[in-house]
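The values are calculated or read from the model by the stated rules, or taken from the named source; none is laboratory data. All values derive from a computational prediction rather than experimental measurement. Counting neighbours? That spans all protein chains shown, and the Cβs are built from the backbone with ideal geometry, glycine included. These accessible areas exclude ligands, DNA and RNA; they are computed on the full protein's heavy atoms, side chains included. Shrake-Rupley method; radii C 1.70, N 1.55, O 1.52, S 1.80 Å.
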Amino acid sequence: MSSSDVKLAESEAILKRLGDKKTLILLDERGRRYDSISFAKKLEYWQVNARDGIVFLIGGAYGFDESLYARAQDKVSLSDMTFSHQLIRLIFLEQLYRAHTILRGEKYHNP
């Protein structure tokens with residue numbers, strides 16, 4: 001199976017489960033980079049405007065198929081570096097936690 005075939009198969013499976021109402025945000029090297037405060041504001045925007053929840057998606061080993069880029073509402077880059085899926089989950093989870101503490105005015109984040 002070629003990398004294009006793998007991306008297409010992954011994309012088809014994801015799109016089937018995703019439906020058309022959820023807000024899809026790709027964690028992708030081609031995405032926009034945010035500092036913690038601007039990410040918190042963007043997260044708040046997505047939360048307010050999402051019709052049926054938000055899905056943050058980490059790309060497979062070969063990245064995303066074009067059909068996922070077409071379906072996504074936005075793309076976020078966490079770094080120019082490449083991380084393992086296990087590590088990026090942890091990094092992104094911490095950023096989500098940080099964003100929520102910023103939005104609640106808690107003292108976890110030091111500007």
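Miscellaneous remarks
- Simple spin-label estimate for residue 92 and residue 22 in nanometres, 7 Å along Cα-Cβ: 1.1
- Accessible surface comparison of 48, 76, 6, probe 1.4 Å, protein chains only, largest first: the order is 48, 6, 76.
- Structure-derived Cα extents along the principal axes in Å - corresponding label in (1) 40, 29, 21; (2) 49, 32, 20; (3) 36, 32, 23: (2)
- Relative to the longest principal axis of the Cα atoms of the chain, helix 3-18 runs at roughly 60 degrees.
- Evaluating 6.51 cos²θ - 1.76 cosθ + 1.60 at θ = phi - 60° for every residue in the range 83-88, the Karplus couplings come out as 10, 5, 4, 5, 6, 5 Hz, glycine and proline recorded as x.
- For the set 106, 94, 29, solvent exposure ranked by accessible area (probe 1.4 Å, protein chains only) runs largest to smallest as 29, 106, 94.
- From its DSSP helices (H runs of at least four residues, each -39,500 (n - 2.57)), the chain gives a residue-normalised ellipticity at 222 nm of -16000 deg cm²/dmol.
- Evaluated on the range 26-90, the Kirkwood hydrodynamic radius is 12.8 Å, with distances taken between all distinct Cα atoms.
- Only Lys, Arg, Asp and Glu carry charge here, each on its Cβ (+1 for the first two, -1 for the last two); on that basis the chain has a dipole of about 400 debye about its Cα centre.
- Candidate aspartates and glutamates - alpha carbon under 14 Å from residue 75, same-chain residues fewer than 8 apart omitted: 28, 29, 65, 66
- Taking Lys and Arg as +1 and Asp and Glu as -1, the other residues whose beta-carbon sits under 15 Å from that of residue 52 total +4.
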